[in-house]
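Participant: Just dropping this structure here.
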Ligand SMILES: [Zn+2]
Ligand SMILES: [Zn+2]
Ligand SMILES: [Zn+2]
């Protein structure tokens with residue numbers, strides 16, 4: 001068992017979840033990527049090691065425990081990203097902007113870009129706020145620039 005796996009197991013225990021192979025595998029995949037992972041792609045990556053229902057339950061448990069948060073992309077597909085350490089089973093604190101690249105379709109958590117606060121009318125209560133910026137990510141912008149240079 002490598003260091004990373006030990007850390008992920010620790011996280012599961014800390015969040016009150018039993019260590020199971022599918023849970024560990026999902027955690028490993030999500031924590032090893034720099035962008036959010038869509039549910040269909042996650043299914044693909046898990047292959048035969050977990051059926052759709054198992055994966056659904058794992059994702060649901062993780063979301064409830066404050067381990068991951070869901071982001072819907074412009075097609076309405078669910079994507080999942082690891083939460084910052086501030087999230088708990090009681091409340092998520094992922095008030096950052098998400099960025100959906102039109103070129104590579106990746107969804108990034110812009111952890112340092114906070115969702116602006118605003119006033120809602122009296123009697124309204126915001127439970128969840130989803131702010132997605134679309135455009136070109138830095139990696140794609142680099143590729144575009146270098147392909148222009150090589151022309
Ligand atoms: Zn969260
Ligand atoms: Zn991109
Ligand atoms: Zn995020």
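Participant: Going through the range 96-112 one residue at a time, which ones are surrounded by 15 or more Cβ atoms within 10 Å (Cβ to Cβ) and either touching a residue at least 60 places away in the same chain (Cβ under 8 Å) or within 16 Å of ligand 1 (Cβ to nearest atom) (or both)?
Facilitator: Hits for the range 96-112 are 96, 97, 98, 106, 107, 108, 109.
Participant: Taking only the range 37-56 into account, find how many residues are within 20 Å of residue 19 (Cβ to Cβ) and in contact with a strand residue (DSSP E or B) (Cβ under 8 Å, 6 or more places away or on another chain).
Facilitator: 2
Participant: Let me ask another. Looking at 59, 72 in this structure, which one is more than 16 Å from ligand 2 (Cβ to nearest atom), closer than 25 Å to residue 23 by Cα, touching a residue at least 40 places away in the same chain (Cβ under 8 Å) and surrounded by 11 or more Cβ atoms within 10 Å (Cβ to Cβ)?
Facilitator: When all the criteria are applied, what remains is 72.
Participant: Consider the range 1-44. How many of its residues are within 25 Å of residue 138 (Cα to Cα) and outside any strand (DSSP E or B)? Talk me through it step by step, then tell me what you get.
Facilitator: Looking only at the range 1-44, we keep the residues that are within 25 Å of residue 138 (Cα to Cα), and these are 28-42.
When the remaining residues are screened for being outside any strand (DSSP E or B), the result is 28-36, 39-42.
Residues that pass the stated criteria total 13.
Readers should treat all values here as calculations from the given coordinates under stated rules, not as data from a laboratory. Computed from a predicted structure; not experimentally measured. Methodologically, a virtual Cβ is constructed for each residue, glycine included, from the backbone with ideal geometry; neighbour enumeration extends over all protein chains shown.
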